1. Could you check region 1-23 and list, in sequence order, the residues that are of a type in the set (A, V, I, L, M) and in a loop (DSSP other than H, G, I, E, B)?
2. With (1) surrounded by 15 or more Cβ atoms within 10 Å (Cβ to Cβ); (2) charged (D, E, K, R); (3) under 20 Å from Trp248 (Cβ atoms) as the list, and Arg95 as the residue in question, which single condition is left unmet?
3. Output the qualifying pairs, or none if there are none: Cβ atoms under 7 angstrom, residues six or more apart or on different chains, first residue in region 417-438 and free of Cβ contacts under 8 Å to residues at least 40 places away in the same chain, second residue outside any helix (DSSP H, G or I) and not charged (D, E, K, R).
4. Answer yes if at least one residue in region 114-121 is under 17 Å from Pro54 (Cβ atoms), assigned to a strand (DSSP E or B) and touching a Lys or Arg at 6+ places or on another chain (Cβ under 7 Å), and no otherwise.
5. Going through region 388-404 one residue at a time, which ones are touching a residue at least 60 places away in the same chain (Cβ under 8 Å) and outside any helix (DSSP H, G or I)?
6. With respect to Trp255, is the statement that it is under 30 Å from Phe340 (Cβ atoms), modelled with pLDDT of 95 or more, more than 23 Å from the chain's Cα centre (by Cα) and of a type in the set (A, V, I, L, M, F, W, C) true?
7. Going through Ala265, Ala308, Ala292 one at a time, which residue ends up being in the same structural domain as Ala343 (by TED's automatic domain parsing) and touching an Asp or Glu at 6+ places or on another chain (Cβ under 8 Å)?
8. Checking the conditions here, which among Leu474, Leu454 is modelled with pLDDT of 95 or more, within 29 Å of the chain's Cα centre (by Cα) and in the same structural domain as Leu357 (by TED's automatic domain parsing)?
Amino acid sequence: MQKLTKETWKDYKEYPEKVIQFGEGNFLRAFADWIIDKMNKETNFNGSVVVVQPREHGTTIHKLNEQDGLFTLYLQGIKNKQAVREHSVINCISRGINTYTDYSQYLELAENPELRFIISNTTEAGIYFEENDKLEDQPQKSYPGRLTALLYQRFKAFEGDTNKGFIIIPCELIDRNGEKLKEIVLNHAVRWNLGEEFVNWINEANTFCCSLVDRIVTGYPSDTINEITEELGYKDDLVVVGEQYHLWVIEGPDWIKDEFPTDKAGLNVKFVKDLTPYRSSKVRILNGAHSAMTPVAYLYGLDTVGEAVTNEVTKKFVEELIYEEVIPVLDLPEKELKLFAEAVLERFMNPFVNHYLSSIALNSMSKFKTRDLPSLLEYYDKKMELPKKLTFSLSALICYYKGKRGEEEIQLKDDQDILDLYKSLWQNYDGTESSLKQIVISVLAYEKVWGINLNNVPMLTEAVTRYLLKIENLGMKEAIKEVTRINSTIEVR
C-alpha cells in the first residue's frame, strides 16, 4: 500500500511559508494546523507552516518530511447534535526542521519576508528561563532561547525594519503565556547584550498574544490503525484523532484577524481584549465539572465521564452544579456561558472517547483547589450560603481518599504528603460522627493545598461533615438525593 505523499495525494497544494510552528506533536497538528488548513481552503490566507522540532529526540519531523507535511486528521464527537466521525487530509505544512541537526536552516527562516506568525506548544514546561542559554549555542536549550536567537537574526537581516516583526501566539497551557514568553525573550536579549535597538524592536515590531486553546486530542490511534489504513487506502504514519469541538481565544489587537481570518472560515476563534474571563469559564465549567463529578460518580459506581453524564442521577448532579453554582459567579454574559456549558456537556457525552474518571482523579486535591474552590468561595460571598453540589463534591472527595469503593481498593495517586495525611486520618476513624468531623477539620485545615484554612469559611465544616456522614452511612446512591432535585419516579440503582 502506498504512503501518503504529494505524489499520491492528488489534491496536494503548495503555499507560501507564513507560519513558524514550534512543536510537531499531535495537539498542534489537530488544532492549529487544521485551522490553517481550513483558512487556506475557505479564505485568502494562502499560507503554509514550517514546523520546528523543539526537543532533541523525536521522529515526527522525519515522518513529516517523508510525507511532504501531509497527514490525516480524524474528528469524532458530537456535531450539530449528532455523533459524527469524519476525516480529512491536512495540507498546510511545507516542511519540518530539526534544530539539532539543521540549525543553520532554522536561522535562515528569519530572512524570509513572508513569514509572519509564530505559534508554539512546547508543553507547560517549555516556557521557562534557561540561564545557561547563549546566543552562540546551536541550538539553545530552551524554546525562548531559540526564539530570541531567531528574532535577533530577523532584526539584523532586515536592519531593524519594524514592518518585519512577528505575531507570536503561544498555545502552552499556562496563564498569561504570551506575556511570560515575551518577558523571557527580553531577559535573554539583555543578558546577551544584544543592544537597546533590538530590545526596542522586540517591543515595537512584534506582537506577543496570550491565548487559550481547547480541543481534546487523543493522538495516534494505535489500537485501530490497521482498520483505519484499510479505510483510507493509503499508509499514514501520522494519523491523529481529535474531538469535533474546538476553541481558540487570542488576546490581542483587533487587526490580527485581518491577517489571520479565522472568522471567514467559520471557526470558533475569538480575538478579545482580555482573556481572563474565558480562561476562568473554561477552568471552572469544563475542568471544574470534571473534578467535581469524579469522586461523586466514581463512588456511585461509574467509571467514565460518558457514564457520569448519561446516568440520570449523576447527570442531574453535574448539570445543576454547572448551571446553578458555577455559571452565576462567572463574568461573561450568561447566554455565552450557557452555550459553552451546553457544548461541554455534549463533549462529555462523546461516544468515541472513553475518558476514565480514575485518570481525572490524579492529584484531585490540587485540582479541586484550582478548578472548584474559587466557585465555592465566590458563590458563598455572593449569596451568603454554600453551594450544595460543590460542597457535596468536597465531601465525596474526602471519602474518595479513604481508598475504598465498596470492597474495591482505589489506587490513589497524589503527592505523598497528601496520601500520608489521608491514610493517618482514615486509619484513626472509629465510626463515630465526632471522629468523622475530625477528619473533615484536618483536611480543611491543610493549608499546604488550599492556601487558607477552609474551616474559617462559615458553615463549611458542618456541611461537609453532614454530607460525608450520609455518604459513609447510606452510600453515594442515597446520599446524592439530598443535593439534587431528583424526580421521585427515577429509580436509583
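1. Met1, Leu4
2. Here Arg95 meets the rest and fails (3).
3. Once the first residue is free of Cβ contacts under 8 Å to residues at least 40 places away in the same chain and sits in region 417-438, its partners that are outside any helix (DSSP H, G or I) and not charged (D, E, K, R) give Leu419/Leu412; Leu421/Tyr446; Tyr422/Tyr401; Ser435/Tyr429; Leu436/Tyr429.
4. yes
5. Passing the criteria: none in range.
6. Spelling it out, Trp255 is indeed under 30 Å from Phe340 (Cβ atoms), modelled with pLDDT of 95 or more, more than 23 Å from the chain's Cα centre (by Cα) and of a type in the set (A, V, I, L, M, F, W, C).
7. Going through Ala265, Ala308, Ala292 in turn, just one is in the same structural domain as Ala343 (by TED's automatic domain parsing) and touching an Asp or Glu at 6+ places or on another chain (Cβ under 8 Å): Ala292.
8. Testing whether each residue is modelled with pLDDT of 95 or more, within 29 Å of the chain's Cα centre (by Cα) and in the same structural domain as Leu357 (by TED's automatic domain parsing) leaves just Leu454.
The values are calculated or read from the model by the stated rules, or taken from the named source; none is laboratory data. Being a predicted model, the structure only gives us computed values, none of them experimental. We place every Cβ from the backbone using ideal geometry, glycine too, and count neighbours over all the protein chains shown.
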